[in-house]
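The values are calculated or read from the model by the stated rules, or taken from the named source; none is laboratory data. Because the structure is a prediction, the values reported are computed rather than measured. Don't worry about glycine lacking a Cβ; one is built from the backbone with ideal geometry, like all the others, and counts go over all protein chains shown.
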Amino acid sequence: MDLSRIREIREDFARRMALAEMRGDEKELMLLDMEMEDSMILKHGRVSGIVDEEDLF
């Protein structure tokens, strides 16, 4: 994925977040938060509090 596509995705996400905040749409904000968490898991392989077995040894 090239940088322009990544920038486009980030801008779209920020736009969706701003619209949800302006509307006070708690459900959309929660879904966006979950989407962001999912993307962090995919990007980094884990989230704080989750430990891979390999990290233990």
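Only one entry of 22, 36 meets the criterion of being in a helix (DSSP H, G or I) and at pLDDT 85 or above, and that entry is 22. The residue pairs whose first member lies in segment 5-25 and is touching a residue at least 12 places away in the same chain (Cβ under 8 Å), whose second member is polar (S, T, N, Q), and whose beta carbons are closer than 9 Å, counting only pairs six or more residues apart or on different chains, are 13/39.
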